[in-house]
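For reference, the structure discussed in these notes is given below.
The values are calculated or read from the model by the stated rules, or taken from the named source; none is laboratory data. Keep in mind it's a predicted model, so treat the numbers as computed, not measured. Cβ: placed from backbone, ideal geometry, glycine included. Neighbour counts: every protein chain shown. Heavy atoms of the whole protein, side chains included, go into the accessibility calculation; ligands, DNA and RNA do not. Shrake-Rupley method; radii C 1.70, N 1.55, O 1.52, S 1.80 Å.
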Amino acid sequence: MDKIIIHGGRRLKGEVQVSGAKNSALPLLFATLLAPGEHRITNVPSLRDIATVEKLLTILGATVQRQGDLFAVDATHIENNEAPYDLVRTMRASVLVLGPLLARLGQARVSLPGGCAIGARPINLHLKGLEAMGAKITLDHGYVEAKAKRLHGARIYFDLPTVGGTENLMMAAALAKGKTVLENAACEPEIVELAQALNKMGGQVSGAGTDTVTIEGVNELRPLEFAVMPDRIEAGTFMIAAAMTRGDVRITGAIAAHQDALLSKLREAGAEIVMEEGAIRVRGPRRINPVNLKTRAFPGFPTDMQAQFMAMMTIGNGSSVVTETVFENRFMHVCELQRMGADITIDGRTATIKGVKELLGAPVMATDLRASACLVLAGLAADNTTEVSRIYHLDRGYEKIEEKFKGLGAHIERVPE
Ligand code: EPZ
């Protein structure tokens, strides 16, 4: 296993290109299961989670060929309907095969993912929705078994906006008989992109990006040709890196409309934001202002940026309060930041961060993807050497992160542990 060593304290400068969005590429790749034929998806990032999807699609019977960022998926012969525990446990998003497999094959058997480092993360709302569409769902030795000769349309109200639940049901409803209406649906840009992709395949989806998504089921879909949008969380991570290091970074491919909440909080923190053609440029202030925030479903402040933003608040000029409302256990980075000299206290879902003058490099490790990114950011701003281990989490969601930071002038390297 590798670790990342950072000699912090350098101001980051220059230009960095954002890769394709992990959380959009995942549902798009699973959507290929809906239609026989060869699908071509480009701008797919090279990540561990994407390799897991590749494995899963292959197990199900698809043929996958990768050429750079192009994924050619031949989904003509989908013979297997089981997503095994070994894969689902390494990537929870594997449950997104449930909707497409059920719609295409009439049955699916998918391992229940169980809890993870950031919370319990049940899939009850996915299952409730599929049941409303006529699926018979049973639980068998840790697996969800779903059956339905053909799903039918339904009006489904989500108790809370779930990104994966909305995606799973949109894919299932695309081939169902009749109209499905998803209420209190998630509004994330990844949902909008999935709707665009389904419509390109011949589906009839409207309202994506609002809290009501309507899907008129069709009898068949055709193969997809699609380019994945830039990753808003990766882009946001670079923005914070620029702000924290008093840097000046042009983030190419970042889409401002996906970043309203983050950009507003970055401005509050004192960063200068300049919108440029095809890029967002961020210049860091001399000293970070303290900022309070609460994570929310889109368009609120993304939970996937909470850890990174907190890293920045640790060197703020005063006290900040960060409240995590989406996941119940997403403060695992706090103890590691404390080891670097951060002054943070937690009370339930609220963290109070008293800014310190500087962070001190230390050996640290994290238990999830965004927490790992937060530690890299802390290391970039810290005064001496930080070693981040267990970086397989980072490799799940950030493409060539150390190379990209190196390109901005960071003193960072990956070494075998
Ligand atoms: C997606 O996870 C993302 N993953 C997560 O990104 C992201 O943090 C999350 O959305 C929220 O934005 C992918 O897109 C692959 P949810 P998802 O269903 O779909 C509860 C990252 O770092 N809930 O919107 O699993 C759930 O427990 C990852 O890239 C239920 O109670 O999230 C949570 O509290 C981590 N029952 C809330 O809803 C359900 O059936 C939101 O979860 C489903 C969800």
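Each 10 Å bin from zero up to the one holding the largest Cα-Cα distance in the range 68-138 carries the following percent of pairs: 17, 46, 29, 7, 0. Restricting attention to the chain, close to 75% of DSSP beta bridges with both partner residues there are antiparallel. Rolling a 1.4 Å probe over the protein heavy atoms of the range 244-345, with every protein chain left in place, gives an accessible area that is 47 percent carbon and sulfur. For Lys200, the lysines whose Cα falls under 26 Å of its own Cα, not counting residues fewer than eight places away in the same chain, are Lys22, Lys55, Lys149, Lys177, Lys179.
With both labels modelled 7 Å from their Cα along Cα-to-Cβ, the Gln196 to Ser264 distance reads 2.4 nm. When the charge dipole of the chain is built from unit charges on Cβ atoms (+1 for Lys and Arg, -1 for Asp and Glu) and taken about the Cα centre, the candidate among Thr350, Phe405, Thr325 whose Cα reaches farthest toward its positive end is Thr350.
A simple count of charges around Glu225, restricted to other residues whose Cβ falls under 15 Å of its Cβ and scoring Lys, Arg +1 and Asp, Glu -1, yields -1.
If you take the Cα centroid of the range 385-417 and the Cα centroid of the range 227-244, the two points sit 15 Å apart.
Helices meeting the span-like rule in the chain (full DSSP H runs, Cα extent of at least 15 Å along the helix axis, mean Kyte-Doolittle score of 1.0 or higher): 232-244, 369-381. Our estimate of slack between Glu417 and Tyr392, defined as 0.36 nm per intervening residue step minus the Cα-Cα distance, is 7.8 nm.
Backbone amide hydrogens, once placed in the peptide plane, bring Ala227 within less than 5 Å of Thr42, excluding anything fewer than 5 places away on its chain. The gain in end-to-end length when the Leu139 to Glu276 segment is fully stretched comes to 44.2 nm, 0.36 nm per residue minus the alpha carbon separation.
Based on protein heavy atoms only, the range 22-227 ends up with 39 Å² per residue of surface accessible to a 1.4 Å probe. Simple spin-label estimate for Lys294 and Ile255 gives 2.7 nm between the two label positions (7 Å along the Cα-to-Cβ direction from each Cα). In the elastic network of the chain, a GNM with C-alpha springs shorter than 10 Å, the most mobile of Leu125, Leu394, Leu160 is Leu160. Given the options Gly99, Gly209, Gly278, which has the most mean-square fluctuation in a GNM of the chain, springs set between C-alpha atoms less than 10 angstrom apart? Its mean-square fluctuation being the largest, the pick is Gly278.
Surface composition of the range 22-227: carbon and sulfur atoms hold 48% of the protein heavy-atom accessible area at a 1.4 Å probe.
Add -39500 (n - 2.57) for each DSSP H run of 4 or more in the chain, then divide by its residues: what number comes out at 222 nm, to the nearest 500 deg cm²/dmol? Rounded to the nearest 500, the figure is -9000 deg cm²/dmol. Using alpha carbons only, the radius of gyration of the range 252-320 set against its Kirkwood radius gives Rg/Rh = 0.96. If you split all Cα-Cα distances of the range 22-227 into 5 Å bins from zero, what percentages do you get per bin, shortest first? Over the range 22-227, the share of Cα pairs per 5 Å bin runs 1, 8, 18, 22, 23, 17, 9, 2, 0 percent. Ranking of Tyr157, Tyr392 by solvent-accessible surface, largest first: Tyr157, Tyr392 (1.4 Å probe, protein heavy atoms only, all chains present).
Solvent-accessible surface of the range 261-320, taken per residue with a 1.4 Å probe and all protein chains present: 39 Å². Suppose we keep just the DSSP beta bridges with both residues in the range 267-374; what percent of those would be antiparallel, to 5? Expressed as a percentage, antiparallel bridges in the range 267-374 total about 80.
Close amide H contacts of Ile255 (hydrogens built in the peptide plane, cut-off under 5 Å, sequence separation of 5 or more or a different chain): none are found. Divide the volume of the convex hull around the Cα atoms of the chain by the residue count and you get 121 Å³ per residue. The phi-based Karplus calculation (6.51 cos²θ - 1.76 cosθ + 1.60; θ = phi - 60°) puts the 3J(HN,Hα) values of the range 347-363 at 9, x, 9, 10, 10, 10, 10, 9, x, 10, 5, 8, 8, 10, x, 7, x Hz, whole numbers, x for Gly and Pro. Distance between the modelled labels on Leu160 and Val321, one decimal in nanometres: 2.0 nm (7 Å Cα→Cβ projection).
With contacts taken as Cα pairs under 8 Å at a separation of at least 6 residues, the chain carries a relative contact order of 21 percent.
The slack in the chain from Thr212 to Lys147, taken as 0.36 nm per residue of separation less the alpha-carbon distance, amounts to 20.8 nm.
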